[in-house]
Amino acid sequence: MNIEQLLTRLEEYERGITPRGDGEWLVQCPAHPDNNPSLSIKDTEDKILLYCFAGCQPVEICEALDLNIMSLFKDDDGAKSSSPSREVARYNYIDLVGNLKFTKIRYEPKRFKITPPGQDGLLYNLPEVAKAVRAGETIYVVEGEKDVDTATSYGMTATTMPYGAGRWPDYGTRSLDGAKRIVIVADQDDPGRKHAQTVLTALRGVCEDVTVVESAHGKDLHDHLTGGGTPGDLVESKPPLPNVVPLDQFLAMGGERETLWGDGAVNLWASRESLMICGQTGAGKSTLAQQVIFARLGIGDSTVLGYPVKPASRCLYFALDRPYQIMRGMSRLCQSVAPEAMEELSQRFLVHHAPLPELVDTDPDLMSELAAEHGADMVVIDSLKDAAASMSDDVSGAAINAAVQALVRVADVMVLHHQRKGQDGRKPKGVDDIYGSRMISAGAGSAFVLWPKKPSEDDPLAKEQIELIHVKQAAEKIGPLVLNRDDKLGRFWMDTTVSTESLMMEGAEMTSTQIVEMLAANGITRSKQQVNRDLAGLVKQGRIEITEGTRGPYPATHKKTEI
């Protein structure tokens, strides 16, 4: 399948489609009730990536669209041929007084269409189900109208819902309230077994005798009955192991990490991993976080500290630590936002400004559920100490890590935290300088510490400068960087007039060691290894020349290329 075929299928299912550019779209997810589009689609060279911010898995989304998960992979020519559809069955949904409410049409190759579109609210075969409830007869809940019709032909009473596996509607539970015995027949695959467990959980409150079985012959009840089986031959169904999927489904989830903030080898914030920004009170954690948020939401610069950011759709900001101070910082950034842009920003930047109803060490799923509820693909926790009861012991640390990992499954996560106290003014050097249990920082992909630069009589601006120390890396380490802070505008900036490139462009011949020393003299800390990478890039671009040294290229001198 190619991307055009998938988008056409979504249009047939009345799913709103919003292009986001660069081969990406945002649509209403067909695997769950979705008024606020939460399914991200990305077209890549060899497959189509699906990511639902509400947590639906690609296999569930494909099931809802009546697609095979392998349809997301492309052939060598980038597409598979699509055969013309032909209608093979119609399933009429009738209400309790005999009125036709809507029809579900089945086509081959396998797909479905509901007409009028967008209809819901009834179980299939509802009048017969209601009679069976009153008579105390056994009712079979199956997956698909074909199974219901087959069961009916064998003298059984069965029902299903109009949409695919993955959820069970409240109206289904109400319709079966008072039933004497319900048998849920699971399809013989993990999505089918998972769906059956969802139905079981919903129906236990309205019927004392609810069991889950599956076919002894074939995949479903239709195969079982037509293969010579009887209702008494159905076998016990075991729930699937959580988060265990076949290899092809795992590969289709899209395992690549995207760079959310960075360029090339420098990956300051990677997708599927959290970014942690630490520092003492007043170091500027919230300032830097808000600057990144605004850039990702398309407000102002598209780079932060010289590195580009990936656009995001909606941010949920947990303003837990002195929310009014956070509000003042945001107000400074908003001064430069035009009124018309501010209206759009307000819809895409949501702020939770009260204590959490439950702390994350007691309810690890709370924040991920809130993110999914609000359709947020970026979440900021400011700060972590206000989200949990304890930080120091490993039990609490593990619970906090579990909460962040659950959140990473539905959104890009940035965590603001504090450094360890009582360090006698010593500059932080690694993750051991982050406050609390090491379990907290263990789950972060990247972590910074912001450290106020000590004032100097020779440098009157030093009191306004902050060092960014990269203590944990998703890829290449950067810095330390010296940041200038503009408190009036609420943002950080870097003096980029002095760099490896600018020094080389002056035309002098110098070694990498000399460049490191000259950068340090200008307040810029870069290691010899980092400078060597800068030089290698400039050589590759043909902007400087290199004279080979006796120990390889980088004890050698470099000079500007003559044009």
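A few remarks follow.
- Sequence-distant residues sharing a close amide H with Met378 (under 5 Å, placed H): Arg314, Leu316, Asp412
- Each residue of region 324-337 was assigned a 3J(HN,Hα) from its phi angle through the Karplus curve 6.51 cos²θ - 1.76 cosθ + 1.60 (θ = phi - 60°); the sequence is 6, 5, 4, 4, 5, x, 5, 4, 5, 5, 6, 4, 8, 8 Hz, with glycine and proline shown as x.
- Between Arg257 and Arg332, the contour length at 0.36 nm per residue exceeds the alpha carbon distance by 23.7 nm.
- Remark on Leu268: its backbone amide H falls under 5 Å from those of Trp261, Gly262, Asp263, a criterion applied only to residues 5 or more positions apart or on other chains, H modelled at 1.01 Å from N.
- Of all DSSP beta bridges in region 300-416, antiparallel share, percent nearest 5: 10
- Helix 190-203 axis versus longest C-alpha principal axis of the chain: approximately 70°, rounded to the nearest ten.
- Kirkwood Rh, angstrom, region 259-493 [1 / mean 1/r, Cα pairs]: 17.9
- Within the chain, percent of DSSP bridges classed antiparallel, to nearest 5: 60
- The distance between label points at Val539 and Glu137 comes to 8.4 nm (points 7 Å beyond Cα on the Cα→Cβ vector).
- Phi-derived couplings, Karplus 6.51 cos²θ - 1.76 cosθ + 1.60 at θ = phi - 60°, listed residue by residue for region 382-399: 10, 10, 5, 4, 8, 9, 9, 6, 9, 10, 7, 8, 5, 5, 5, x, 5, 5 Hz, with x used for Gly and Pro.
- Here the Karplus relation 6.51 cos²θ - 1.76 cosθ + 1.60, evaluated at θ = phi - 60°, turns the backbone of region 140-157 into coupling constants of 9, 9, 10, 10, x, 5, 4, 5, 4, 5, 5, 4, 4, 5, 9, x, 9, 9 Hz, with x for every Gly and Pro.
- When each of Lys42/Lys238; Lys385/Lys472; Lys194/Lys385; Lys285/Lys453; Lys472/Lys540 is checked by Cα-Cα distance, pairs over 26 Å: Lys42/Lys238; Lys194/Lys385; Lys472/Lys540
- In terms of distances greater than 19 angstrom between alpha carbons, the cross-link table entries Lys146/Lys219; Lys421/Lys477; Lys47/Lys219 yield Lys421/Lys477; Lys47/Lys219.
- Ordered by the count of other Cβ atoms within 10 Å of each Cβ, fewest first, Ser153, Ser40 give Ser153, Ser40.
Every number in this text was worked out from the coordinates using simple rules, so none of it is lab data. Computed from a predicted model, the values in this text were never measured in an experiment. Here Cβ is always computed from backbone atoms with ideal geometry, including for glycine, and neighbour counts include all displayed protein chains.
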